[in-house]
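I have placed the structure first, in the form of structure tokens, so that the comments after it can refer back to it.
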Amino acid sequence: MTTTQRYDLTWKAMEQLVKAGKAKHIGVSNFNIRKVQKILDTCTIKPAVNQVEIHPYLLESDLIKFCNEHGVHVTAFSPLGGMPAAAVAANANVPGPLHHEVIKSIAEKHGLSPAQVLLKWGLQRGTSVIPKAFTPSHIADNFAVLALEDLTDQDFTAINEIRKDEGEVRFINYLSHWGFDIFRPGPEDPTEEP
């Protein structure tokens with residue numbers, strides 16, 4: 001990511017790629033509601049997708065709702081979580097969602113892996129999920145989720161409630177990568193309009 005170019009200008013350039021036939025669909029990543037709205041206010045081609053970190057510790061429910069209402073699909077990256085980014089985690093000692101007791105209990109009850117439970121939860125929320133997979137068996141387990149029955153309302157609600165206990169936790173530390181928090185508005189964000 002460049003921090004010297006405003007994203008609204010980059011979006012205009014991406015629209016030109018579609019118009020020139022060099023791209024079919026264009027989207028954004030790590031955009032909060034405010035940034036998506038700024039693109040929607042001036043675009044001639046809407047973003048097809050907004051790819052953001054989503055898992056039971058970071059629900060992004062308002063963002064998903066907003067994007068759905070405006071025809072922007074949401075793709076969840078890091079749907080299995082990871083190690084909390086210490087600089088942004090409410091509690092850096094929180095175990096990742098794969099190791100959370102609620103997830104493990106639901107997995108055991110249904111004969112699934114914790115990863116399958118998390119992926120099914122993400123799909124039931126209407127998002128696409130893009131987990132990392134390092135082995136052919138992990139890839140097969142991930143695809144098997146598509147054929148599974150939906151989680152029960154009780155299980156789905158229990159997963160949604162995890163964040164109330166653990167607080168909001170990001171596993172990607174944008175502040176350390178780029179020197180500003182891409183999710184918080186402020187003058188320190190060089191990608192914003194002056």
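Length, then width, then depth: along the principal axes, the Cα atoms of segment 1-63 run 40, 25, 22 Å. Suppose a student asked you for the relative contact order of segment 1-74, using Cα pairs under 8 Å spaced at least 6 residues apart; what percent would you report? Relative contact order, segment 1-74: 28 percent.
What the Cβ-Cβ distance of His99 and Gln37 gives, at R0 = 35 Å and to the nearest 0.05, is a FRET efficiency of 0.45. Ordering Lys120, Lys19, Lys164 from the fewest to the most neighbouring beta carbons within 10 Å gives Lys164, Lys19, Lys120.
Computed from label points 7 Å out along Cα-Cβ, the spacing between Ile139 and Ala23 is 2.7 nm. DSSP finds beta bridges in segment 15-134, and of those with both partners inside it, around 10 percent are antiparallel.
Between rounded, prolate and oblate, where does segment 91-141 land on the alpha carbon gyration tensor, with a ≥ b ≥ c its root eigenvalues, rounded for a/c under 1.5, else prolate if a/b exceeds b/c? Verdict is rounded for segment 91-141.
Any read-out appearing in this document is the output of simple, stated calculations on the displayed coordinates, not a laboratory observation. Given the structure is predicted, the values throughout are model-derived calculations rather than measurements. Quick reminder, even Gly has a Cβ in these numbers, built from the backbone with ideal geometry, and neighbours come from all protein chains shown.
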